[in-house]
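Notes to accompany the following structure.
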Amino acid sequence: MIESIFILGRQPALGIAELESLYGSDGLRVVSDSIVQLAKDPSEIVFGRLGGSIKHAKLLTILPTTSWPELIRYITRSLPEHLKYIPEGKVKCGLSVYDLSVKVDQINKAGLEIKRVIKKTGRSVRVVPNKELALNSAQVLHNSLTGPLGLELLLIRDGQKTILAQTVAGQNIEAYARRDQARPKRDARVGMLPPKLAQTIINLARPDLVGTILDPFCGTGVVLQEALLMGFSTYGSDIDQRMVEFTRENVVTWLLNDDDTGRVQLEHGDATAHVWETPFDAIATETYLGQPFSAPPSPDKLHEVTQTCNTITKKFLRNLAKQTSPGFRLCLAVPAWKTVRGFTHLPTLEKLAELGYNRVSFVHVSDHDLLYYRPDQIVARELVTLIRK
Ligand SMILES: C[S@@+](CC[C@H](N)C(=O)[O-])C[C@H]1O[C@@H](n2cnc3c(N)ncnc32)[C@H](O)[C@@H]1O
């Protein structure tokens, strides 16, 4: 079997948890901070639904060296054979290096050498120049490096060895930007959940990939949008009727173009008391995050907002426990606040058992690493995966 390699996104722990949720922990190995090896054939992975990985590659070989000249010698020697499998036309080639001690100049020099070798076989070629050690998602996309004529080789240090892999899929940053920015109804006050993070939340909530996803804090509908694109049926509710209408416009009118509307059920409801009458199989949601902060809040303010968010989350979980059976799985993005002394977490996360839930822990990442935030953000999202006891 050919194995898969994943280059993880900005918050690698989320990408690892997502892969572990979908494919289990046994065949998964964390190669370094940002790289995972998975004993799964690349053809079995639907990369577009992963929010936490930026590249997916097939493992070609593991070389018993980390010496740059030796690695490049191996590549240039094996390239002519490899090229036989690439159809006629101008080959587009790129090199990305992870965790090896090498400089950008050396990579670009190796690129020229690769170009020379390919030209010698009688083929025309463009080698994408490196600005950094690894090509970014835009370079992979715009140079069609995962297309039939593309060849992006990844060189990844693995202890005293080097993994050589070929990218088979890269994150489609343009599609994500469209899904994020082109929706007709957006609302900065309820926060802008990035579609990638919504995908990760869904993958943590529903590894079996079928059924109906409920979002009881649906806001403008990002989670439901991503769930629909992944093939789920969806069910949303929100305490604010305006948000329910925003979701309807974004999801039913804009995304689905008023087709296939049977896959969306929306209603007004307070998640702390609402009874969801339509059956659902999992919950993926971002709960109420409280107000956004551009500067650290005073201790009193932080206490107030923590209490407000905590009460809503706790009452929601208590309400949900009455309406679900043991084994029911959900993933919540809840707020955590960055302070000088580390993160302040929702107190109710310490009392989940009393509410009727067990927190799902992952083998390869710790619960505390499952935080999503940009460096300048005070309010982070903490991903909490739960199973009803
Ligand atoms: C952070 S937003 C969720 C954003 C949403 N995940 C999205 O994809 O756009 C939180 C939402 O929770 C809603 N909300 C707050 N308290 C609620 C409650 N008790 N029950 C249901 N919805 C509530 C707000 O109206 C807001 O739309």
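The values are calculated or read from the model by the stated rules, or taken from the named source; none is laboratory data. Since the structure is predicted, the reported quantities are computational estimates derived from the model, not experimental observations. Reconstructed Cβ throughout: ideal geometry from the backbone, glycine too, with neighbour counts over all protein chains shown.
When the residues of the stretch 192-210 are filtered to those that are under 17 Å from Val251 (Cα atoms) and touching a strand residue (DSSP E or B) at 6+ places or on another chain (Cβ under 6 Å), which remaining residue is surrounded by the fewest Cβ atoms within 10 Å (Cβ to Cβ)? By that ranking, first place goes to Leu193.
Residues checked against (1) among the acidic types (Asp, Glu); (2) more than 18 Å from Ala198 (Cα to Cα); (3) assigned by TED's automatic domain parsing to the domain that holds Thr339; (4) modelled with pLDDT under 95:
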{"residue": "Cys218", "(1), (2), (3), (4)": "no, no, yes, no"}
{"residue": "Val222", "(1), (2), (3), (4)": "no, no, yes, no"}
{"residue": "Leu228", "(1), (2), (3), (4)": "no, no, yes, no"}
{"residue": "Asp270", "(1), (2), (3), (4)": "yes, yes, yes, no"}
{"residue": "Glu277", "(1), (2), (3), (4)": "yes, yes, yes, no"}
{"residue": "Asp281", "(1), (2), (3), (4)": "yes, no, yes, no"}
{"residue": "Gln307", "(1), (2), (3), (4)": "no, yes, yes, no"}
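Applying the criterion of being part of a loop (DSSP other than H, G, I, E, B) and at negative phi to the residues of the stretch 246-268, the residue that is nearest to the ligand (Cβ to nearest atom) is Leu256.
Scanning the stretch 68-83 for residues that are basic (Lys, Arg) and in contact (Cβ under 8 Å) with a residue 60 or more places away in the chain returns no hits. The set of residues in the stretch 223-242 being within 9 Å of the ligand (Cβ to nearest atom), in a helix (DSSP H, G or I) and under 18 Å from Thr278 (Cβ atoms) consists of Val223, Leu224.
Taking every residue in the stretch 159-181 that is farther than 16 Å from Ile45 by Cα and pairing it with any residue that is surrounded by fewer than 13 Cβ atoms within 10 Å (Cβ to Cβ) and not hydroxyl-bearing (Ser, Thr, Tyr), at least 6 positions away or on another chain, the pairs with Cβ-Cβ distances below 7 Å are Lys161/Pro64; Ile173/Ala138.
Comparison of Gly356, Gly290, Gly342 shows that the only residue that is among the small types (Gly, Ala, Ser) and either within 16 Å of the ligand (Cβ to nearest atom) or touching a residue at least 60 places away in the same chain (Cβ under 8 Å) (or both) is Gly290. Per the listing Thr272, Thr220, the residue uniquely closer than 25 Å to Val379 by Cβ, within 20 Å of the chain's Cα centre (by Cα), part of a loop (DSSP other than H, G, I, E, B) and near the ligand (Cβ under 9 Å from one of its atoms) is Thr220. Those strands (runs of 3 or more DSSP E) of the stretch 1-72 in which at least 2 residues are over 19 Å from Gly147 (Cα atoms), considering only elements entirely within it, cover 28-32, 35-38, 53-63. You will find that of Leu63, Leu59, Leu22, the residue that is of a type outside the set (Phe, Trp, Tyr), closer than 23 Å to Val222 by Cβ and in contact (Cβ under 8 Å) with a residue 40 or more places away in the chain is Leu22 and no other. Which condition number in (1) near the ligand (Cβ under 9 Å from one of its atoms); (2) over 20 Å from Ala182 (Cβ atoms); (3) surrounded by 17 or more Cβ atoms within 10 Å (Cβ to Cβ) is the one that Ile213 fails? Only one criterion is unmet by Ile213, namely (1). Quick one: in the stretch 319-354, of everything that is of a type in the set (Lys, Arg) and not in a helix (DSSP H, G or I), which residue is nearest to Asp270 (Cα to Cα)? Across the stretch 319-354, the extreme among qualifying residues is Lys322. Considering the stretch 89-190, the qualifying strands (runs of 3 or more DSSP E), each wholly inside and each with 3 or more residues that are in contact with a Cys (Cβ under 8 Å, 6 or more places away or on another chain), run over 125-127, 150-158. Just so you know, in the stretch 293-319 the residues that are farther than 23 Å from Ala188 by Cβ and touching a helix residue (DSSP H, G or I) at 6+ places or on another chain (Cβ under 9 Å) include one that is nearest to the ligand (Cβ to nearest atom), and it is Thr311.
So that you can scan it fast, the table gives a plain yes or no per residue for (1) assigned by TED's automatic domain parsing to the domain that holds Leu371; (2) within 30 Å of Val365 (Cβ to Cβ); (3) surrounded by fewer than 18 Cβ atoms within 10 Å (Cβ to Cβ):
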position: Pro69; (1), (2), (3): no, no, yes
position: Leu83; (1), (2), (3): no, no, yes
position: Ser96; (1), (2), (3): no, yes, no
position: Asp105; (1), (2), (3): no, no, yes
position: Ile114; (1), (2), (3): no, no, no
position: Val127; (1), (2), (3): no, no, no
position: Glu132; (1), (2), (3): no, yes, yes
position: Asn136; (1), (2), (3): no, yes, yes
position: Ser144; (1), (2), (3): no, no, yes
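Within the stretch 357-372, being surrounded by fewer than 17 Cβ atoms within 10 Å (Cβ to Cβ) and assigned to a loop (DSSP other than H, G, I, E, B) holds for Ser361, Val363, His364, Ser366.
Among the candidates Arg189, Arg123, Arg157, the residue that is away from the ligand (no atom under 16 Å from the Cβ) and surrounded by fewer than 18 Cβ atoms within 10 Å (Cβ to Cβ) is uniquely Arg123. Is the stretch 258-281 home to any residue that is in contact with a Gly (Cβ under 7 Å, 6 or more places away or on another chain) and touching a residue at least 60 places away in the same chain (Cβ under 8 Å)? So far as the stretch 258-281 goes, yes, one or more of its residues are in contact with a Gly (Cβ under 7 Å, 6 or more places away or on another chain) and touching a residue at least 60 places away in the same chain (Cβ under 8 Å).
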